[in-house]
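What follows is a single structure, written as structure tokens, with notes after it.
The values are calculated or read from the model by the stated rules, or taken from the named source; none is laboratory data. Keep in mind it's a predicted model, so treat the numbers as computed, not measured. Here the Cβ is made from the backbone with ideal geometry for all residues, glycine too, and neighbour counts use every protein chain on show. Just the protein is used for accessible areas: all its heavy atoms, side chains included, with ligands, DNA and RNA removed. Shrake-Rupley method; radii C 1.70, N 1.55, O 1.52, S 1.80 Å.
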Amino acid sequence: MQFVHTMHSTVLRTRRLLPLVQSRHIQKDHTQTSAGLQKVISALTSVCGADGVSTGQTVREQHGRDESVHRCHPPDVVVFPRCVEEVSALAKICNRHKLPIIAFGTGTGLEGGVGALKGGVCFSLRKMDQVLDVHQEDFDVTVEPGVTRKALNSYLRDTGLASGTNAVHYGTMRENVLNLEVVLADGTVVHTAGKGRRPRKSAAGYNLTNLFVGSEGTLGIITKATLRLYGIPEAVVSAVCSFPSVQAAVDSTVHVLQAGVPIARIEFLDDVMVDACNKFNSLSYPVMPTLFLEFHGTEKSLDEQVRTTARHDAWYAALALRPGCKAYATDVCVPLSRLPQVIVETKEDLIQNGLTGPIAGHVGDGNFHCIMVLDPDDTDEVQRVHQFTERLGQGTCTGEHGVGLGKRALLREEMGPGAMGIMQSLKATLDPKNLMNPGKVL
């Protein structure tokens, strides 16, 4: 029995180690002959013009990686469609030639989700950047996929509306998408809640909208999204609170939420992350476990912009702790009642194992990140990082970053064979040739 248990543990560790290092060794099993590739490029060019197709090495490499530790896997071709009709036509060409299709937005993902593991065609959606319809009286907007949150809120600045980003107050992305226009692998265009429909709620049929929101490009390419909007609060007050210990900071979070305080955002940085942010942004916060809180509806605080800068630059601040290294972000989300114990245990684990992993968390919804700064060429450190992530196996493996390439093994262990079988059946139905972002999620 002991031998069997030990063997299983070794296999488990090896399997969990693979997501971080396997992208350094994957070889493309998809190849195109020179003549065949030129034929495909000619067909793609006929759809979106010569300036809408690129085979340049620099462009391909830019579209073969995100901000994660995973190695660049450039596509064979990058296309820049300008409308849903072009996306559909390009998808039909790829389907006919059995070419993988990888959708690319801004390249800021953290799980290797845009790498072209089997080559193929990258659909860069940056030219589809229009805000199409704003319905102020209905609090919704329809946008193309190239529209960023900041660009949308800039467009909306004179309407008194904004796109909500604070999960504690407004919910996660899934709660804020009303309808999607999606191009499937064969070029078919579907609308997940009915064409042109934007009800605030619906119980009609299966929830296809949420299915595609969480699919990471493995089921189709989103070409339009109808989103909820919210009234901009009359004013905002922010507060920065330092605590003597991680336990005290996270306990306070739980107490605030249990007391029903109407708070919009609670973010947590441990002392290591505060120190990194101070150095990266020339700030002067006390180097202690710290909560950043935001309340809507009252007088605006003068330090809001400084607070926002510190939190949103946490990724780059952590990387600056070890120049030349890479970062791997954990994305654990646990029930609020478990949050204080889990974060305290995580902090102790990092110290005991000599790992660089400053902690930042959206603790209002139980979600926190250890930004593991490591040398991917140091196999011992890679092993220790993955043994650490093994011990984080509580709640869900990803609260917001997604699965991509990096968390596939964790997803299988979390969901179990039954749920995974259903997902694989859905994938096979919508993408029978396995062309949509192959090698990701499942």
- Kindly establish whether F388 is of a type outside the set (V, I, T), touching a strand residue (DSSP E or B) at 6+ places or on another chain (Cβ under 8 Å) and under 22 Å from R71 (Cβ atoms). yes
Taking the range 243-282 and keeping residues aliphatic (A, V, I, L, M), free of Cβ contacts under 8 Å to residues at least 60 places away in the same chain and open to solvent by less than 50 Å² (accessible area, probe 1.4 Å) leaves A248, A249, V256, V274
Checked the range 262-279 for anything out of contact with any strand residue (DSSP E or B) (no Cβ under 8 Å at 6 or more places or on another chain) and either aliphatic (A, V, I, L, M) or closer than 30 Å to T159 by Cβ (or both); matches are A276
Restricted to the range 320-346 and to residues being small (G, A, S) and open to solvent by less than 50 Å² (accessible area, probe 1.4 Å), the residue farthest from D365 (Cα to Cα) is A327
If we keep only residues of the range 296-314 that are farther than 28 Å from A327 by Cβ and open to solvent by less than 60 Å² (accessible area, probe 1.4 Å), then the residue modelled with the lowest pLDDT is S301
Taking the range 382-397 and keeping residues in contact with a Gly (Cβ under 9 Å, 6 or more places away or on another chain), outside any loop (DSSP other than H, G, I, E, B) and either at pLDDT below 85 or of a type outside the set (A, V, I, L, M) (or both) leaves R384, F388
A239 passes all but one of the listed conditions (1) in contact with a strand residue (DSSP E or B) (Cβ under 8 Å, 6 or more places away or on another chain); (2) free of Cβ contacts under 8 Å to residues at least 40 places away in the same chain; (3) surrounded by fewer than 16 Cβ atoms within 10 Å (Cβ to Cβ); the exception is number (2)
Does T165 fit the bill of being modelled with pLDDT under 95, at negative phi, of a type outside the set (A, V, I, L, M, F, W, C) and not in a helix (DSSP H, G or I)? yes
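Residues are listed down the side, and each one gets a yes or a no for (1) farther than 30 Å from P438 by Cβ; (2) touching a residue at least 12 places away in the same chain (Cβ under 8 Å); (3) open to solvent by 30 Å² or more (accessible area, probe 1.4 Å); (4) over 15 Å from the mean Cα position of the chain (by Cα):
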site	(1), (2), (3), (4)
V121	no, yes, no, yes
L125	no, yes, no, yes
L132	yes, yes, yes, yes
D140	yes, yes, no, yes
D158	yes, no, yes, yes
Flagged in the range 383-409 as in contact with a Pro (Cβ under 8 Å, 6 or more places away or on another chain) and either over 30 Å from T290 (Cβ atoms) or open to solvent by 20 Å² or more (accessible area, probe 1.4 Å) (or both), in numbering order, are G395, L405, R408, A409
A careful count of residues in the range 52-95 that are open to solvent by 30 Å² or more (accessible area, probe 1.4 Å) and assigned to a helix (DSSP H, G or I) gives 10
Per the list (1) touching a residue at least 60 places away in the same chain (Cβ under 8 Å); (2) assigned to a helix (DSSP H, G or I); (3) open to solvent by less than 50 Å² (accessible area, probe 1.4 Å); (4) more than 30 Å from C122 (Cβ to Cβ), residue check on F368 breaks on (2)
For the range 284-305, pairs from a residue that is assigned to a helix (DSSP H, G or I) to a residue that is modelled with pLDDT of 55 or more, with Cβ under 7 Å and 6 or more apart or across chains, are E304/V236; E304/S238
